1. Look at the stretch 62-72 and say how many of its residues are assigned to a strand (DSSP E or B) and either among the charged types (D, E, K, R) or at pLDDT 95 or above (or both).
2. Would you confirm whether or not the stretch 78-91 contains a residue that is over 16 Å from Lys57 (Cα atoms), in a strand (DSSP E or B) and modelled with pLDDT under 90?
3. If you check Ile104, Ile140, Ile120, Ile69, which single one turns out to be hydrophobic (A, V, I, L, M, F, W, C) and touching a helix residue (DSSP H, G or I) at 6+ places or on another chain (Cβ under 9 Å)?
4. Please identify the pairs in which a residue from the stretch 116-140 that is at positive phi has its Cβ atom under 6 Å from the Cβ atom of a residue that is in a loop (DSSP other than H, G, I, E, B) and surrounded by 13 or more Cβ atoms within 10 Å (Cβ to Cβ), counting only partners at least 6 apart or on another chain.
5. From the residues in the stretch 92-133 that are of a type in the set (Ser, Thr, Tyr) and part of a strand (DSSP E or B), which one is surrounded by the fewest Cβ atoms within 10 Å (Cβ to Cβ)?
6. Here are some conditions: (1) within 15 Å of Pro58 (Cβ to Cβ); (2) under 18 Å from the mean Cα position of the chain (by Cα). Val107 meets all but one. Which one does it not meet?
7. Of everything in the stretch 134-144 that's part of a loop (DSSP other than H, G, I, E, B) and at pLDDT 90 or above, which residue is farthest from Pro58 (Cα to Cα)?
8. Look through Lys57, Lys75 and report the one residue that is out of contact with any Phe, Trp or Tyr (no Cβ under 9 Å at 6 or more places or on another chain), loosely packed, with under 13 Cβ neighbours inside 10 Å and modelled with pLDDT of 90 or more.
Amino acid sequence: MFTIAIVSLTAGMFAKQAVNKLSDVFNSIFKSDKEATATGKLADEVEHPVPELLELKPAEGEQTQDQKIAITGHKFVRESVVFVNDIFVNEKELKHTFVNSENISLVIPATVLAGKEKLIIKVLNPPPSGGQSNQLEFKIKPKT
């Protein structure tokens, strides 16, 4: 009888430890409903930083030819989007490519440059968090 009691007690302790451990694993993978409601996000959501622009290379170009611009900065993410003169850069007219967390390449066709003196370039990182970068100016040389 004593043996059965010890076996039962030991099995109960191991079962309790297993349940606690399993609970810890689930809590580390998924936030509880209470936490998700309070923070508005799940455990696997990644907070995006606000990007920072440092430089455009080149910083100016001719309006008579397509311009490939290297945007350098910090905190770019794959989901970063580029705005030129507050217009979202889509894949049809203006092409941008995420290179890495410090570089995005942008191609602007001559048709977009025609008749303009400058372009204002910004990068936006999406939610959660994220936000809009500072802006840099791309100067356009007039036709000669």
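1. The qualifying residues number 6.
2. To start, the set of residues in the stretch 78-91 that are over 16 Å from Lys57 (Cα atoms) comprises 78-81, 83, 85-91.
If we keep only those that are in a strand (DSSP E or B) as well, we get 81, 83, 87-88.
With modelled with pLDDT under 90 added as a condition, the list becomes 87-88.
Within the stretch 78-91 (the criterion being over 16 Å from Lys57 (Cα atoms), in a strand (DSSP E or B) and modelled with pLDDT under 90), the answer is yes, since at least one residue qualifies.
3. It is Ile140.
4. Filtered contacts from the stretch 116-140: Gly131/Val50.
5. Thr97
6. Just one mismatch for Val107, condition (2).
7. Asn134
8. On the way: Lys75 fails: loosely packed, with under 13 Cβ neighbours inside 10 Å.
Only one candidate qualifies: Lys57.
The values are calculated or read from the model by the stated rules, or taken from the named source; none is laboratory data. Values in this document were obtained by computation on a predicted structure and should not be read as measured data. Glycine gets a Cβ as well: all are built from the backbone with ideal geometry, and neighbour counts include every protein chain shown.
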